[in-house]
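The values are calculated or read from the model by the stated rules, or taken from the named source; none is laboratory data. It should be emphasised that the depicted structure is a prediction, and the values quoted were computed from it without experimental measurement. Every residue, glycine as well, gets a Cβ built from its backbone with ideal geometry; the counts of neighbours run over all protein chains shown. Heads up: the accessible areas ignore ligands, DNA and RNA and are worked out on the full protein's heavy atoms, side chains in. Shrake-Rupley method; radii C 1.70, N 1.55, O 1.52, S 1.80 Å.
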Amino acid sequence: CIFVLMNDSKYIGLRNKLVAELKSKGISDKKVLGAIGIVPRHLFLDPVFRDKFAYEDSAFPIGEGQTISQPYTVAFQTELLNVSKGSKVLEIGTGSGYQTAVLCELGVKVHSIERQKNLFNSAKLFLNQNGYRAQLYFGDGFKGKPAFAPFDGIIVTCGAPYVPEDLKFQLKVGGRMVIPVGDKDVQQMKVISRLNNDDFKTQTYGDFKFVPMLKNINN
Ligand code: SAH
């Protein structure tokens, strides 16, 4: 028990350092920083890599050629999403489930889609075991989740070749989608806001590099 406590306090210290680093890089939303300060990112990594990499501000492989996003990117996208407790959010690319957990920590009702069966299975098990209640789906993120639309926010955590029309129209009026758009080497972070039934506004932020958003399940 003492070991567990010591172990945990070590990670608390590392998380606090990570939060300070994100602040120094320009993340200012207190709730977002608070959530990053709580979610045990080390548990989302293979135990072998935990101590060295869990609280480094970098992306890390999670298997199946995919990565757990860099903490700065998670914080930046979550800040842009601008959601509050009780908001309904659709995430594309569950991956490790880390971004999902950060949103859950903010009190968001999360629906998240993953196209790789193995990642879907492991994230589902893992999030459940750790008390993160999110609706997880195995499927194609390009189609969104019409049955549960409209959403206050949509967050795409893979690099999209273009903004999928289906996703735009699953936003509530007043809602926003945070999506990195570009080719496989670099994407621009975009915020698409739904102004009314037909009109959208697009804002563009900096360059990022995500794993690609792919069509067709399991290839
Ligand atoms: N949010 C994740 C990021 C994982 S990387 C995290 O915090 O760990 C992006 C994920 O998007 C990968 O798991 C990849 O399999 C998934 N993905 C790629 N194309 C997709 C699509 N069309 N629909 C749903 N998920 C997709």
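I'd like the carbon and sulfur percentage of the solvent accessible area for the chain, probe radius 1.4 Å, heavy atoms only, ligands and nucleic acids excluded. Walk me through the intermediate numbers first.
On the way: 5730 of 10660 Å².
That share works out to 54 percent.
Taking θ = phi - 60°, what integer Hz values does the Karplus form 6.51 cos²θ - 1.76 cosθ + 1.60 yield along the range 192-199, in sequence order, with x for Gly and Pro?
9, 9, 8, 7, 7, 4, 10, 10
Taking Cα atoms, how many degrees apart are the long axis of helix 71-81 and the longest axis of the chain, rounded to 10 and kept between 0 and 90?
Orientation of helix 71-81: about 40 degrees from the principal axis.
Please list, in chain and number order, the residues 5+ apart from residue 151 or on another chain whose amide H is under 5 Å from its amide H, with Hs placed from the backbone.
Counting only residues 5 or more places away or on other chains, the set is 171, 172.
What residue among 198, 183, 51 has the largest mean-square fluctuation in a Gaussian network model of the chain, using Cα springs under 10 Å?
With Cα springs under 10 Å in the chain, the top fluctuation among 198, 183, 51 is at 198.
Eight or more residues apart or on different chains, and alpha-carbon atoms under 29 Å: count the Lys pairs in the range 51-136 matching that.
9
Where Rh is the Kirkwood radius over the Cα pairs of the range 126-167, the temperature 25 °C and the viscosity 0.890 mPa s, what D in µm²/s does Stokes-Einstein return? Walk me through the numbers on the way to the answer.
On the way: Rh = 12.3 Å.
Using the Kirkwood radius from Cα pairs, D works out to 200 µm²/s.
Rounding to the nearest 10 and keeping the result within 0 to 90°, find how far the Cα-based axis of helix 2-24 lies from the longest principal axis of the chain.
Compared with the principal axis, the helix lies near 50 degrees.
Distances longer than 15 Å among the Cα atoms of the range 171-211: what percent of all pairs is that?
43
Exactly which chymotrypsin sites (Phe, Trp or Tyr not before Pro) in the range 154-219 are in a DSSP loop and have at most 15 other Cβ atoms within 10 Å?
Sparse-neighbourhood loop chymotrypsin sites (Phe, Trp or Tyr not before Pro): 162, 169.
Seen from all sides and averaged, what is the projected area of the convex hull of the Cα atoms in the range 121-219, in nm²? Don't jump to the answer; show the numbers that get you there.
Working: hull surface 28.6 nm².
Average of the hull's projected areas for the range 121-219 equals 7.1 nm².
Assuming a ≥ b ≥ c are the square roots of the Cα gyration tensor eigenvalues, decide whether the range 60-117 counts as rounded (a/c under 1.5), prolate (otherwise, with a/b larger than b/c) or oblate.
The shape class here is oblate.
Collect residues whose amide H, placed 1.01 Å from N in the peptide plane, falls under 5 Å from the amide H of residue 68; neighbours closer than 5 in sequence don't count.
60, 62
5 Å is the cut-off here: which amide hydrogens, built 1.01 Å from N in the peptide plane, fall below it relative to residue 213, excluding neighbours closer than 5 in sequence?
Counting only residues 5 or more places away or on other chains, the set is 159, 160.
Let me know the volume per residue of the alpha-carbon convex hull for the chain, in Å³.
Here the figure is 117 Å³ per residue.
How much accessible area per residue does the range 150-219 have, counting only protein heavy atoms and a probe of 1.4 Å, in square angstrom?
Computed with neighbouring chains in place, this is 49 Å² per residue.
In Å², and per residue, what accessible area does the range 1-104 have when probed at 1.4 Å with the other protein chains present? Before the final figure, lay out each step's value.
On the way: 4930 Å² over 104 residues.
Roughly 47 Å² per residue, with all protein chains present.
Express in nm, to one decimal, how much length is gained between residue 8 and residue 195 on full extension, taking 0.36 nm for each residue of separation and deducting their alpha carbon distance.
62.8 nm
Just to be sure I understand: with springs between alpha-carbon atoms less than 10 Å apart, which residue in 41, 15, 50 has the highest mean-square fluctuation in the Gaussian network model of the chain?
In the Gaussian network model the winner is 50.
On a 0 to 90° scale, report how tilted helix 117-129 is relative to the longest principal axis of the chain, with both axes built from alpha carbons and the result rounded to the nearest 10.
60
Find, among the trypsin sites (Lys or Arg not before Pro) in the range 155-186, those assigned to loop by DSSP (not H, G, I, E, B) with at most 11 other beta-carbon atoms within 10 angstrom.
Hits after loop and neighbour filter: 184.
Semi-axes of the equivalent ellipsoid for the range 69-160, please: Cα gyration tensor eigenvalues, times 5, square-rooted, ordered largest first, whole Å.
17, 15, 14
Determine which residues of the range 181-201 fall in the zone a paramagnetic label at residue 168 would reach in this model, i.e. backbone nitrogen under 13 Å from the point 7 Å along Cα→Cβ.
Backbone N within reach: 191-201.
Over what distance in Å are the Cα centres of the range 166-189 and the range 32-89 separated?
When both Cα centres are located, 19 Å separates them.
Between 163, 48, 83, which gets the highest mean-square fluctuation from a Gaussian network model of the chain, Cα cutoff 10 Å?
For the chain, modelled as a Gaussian network with Cα springs under 10 Å, the answer is 48.
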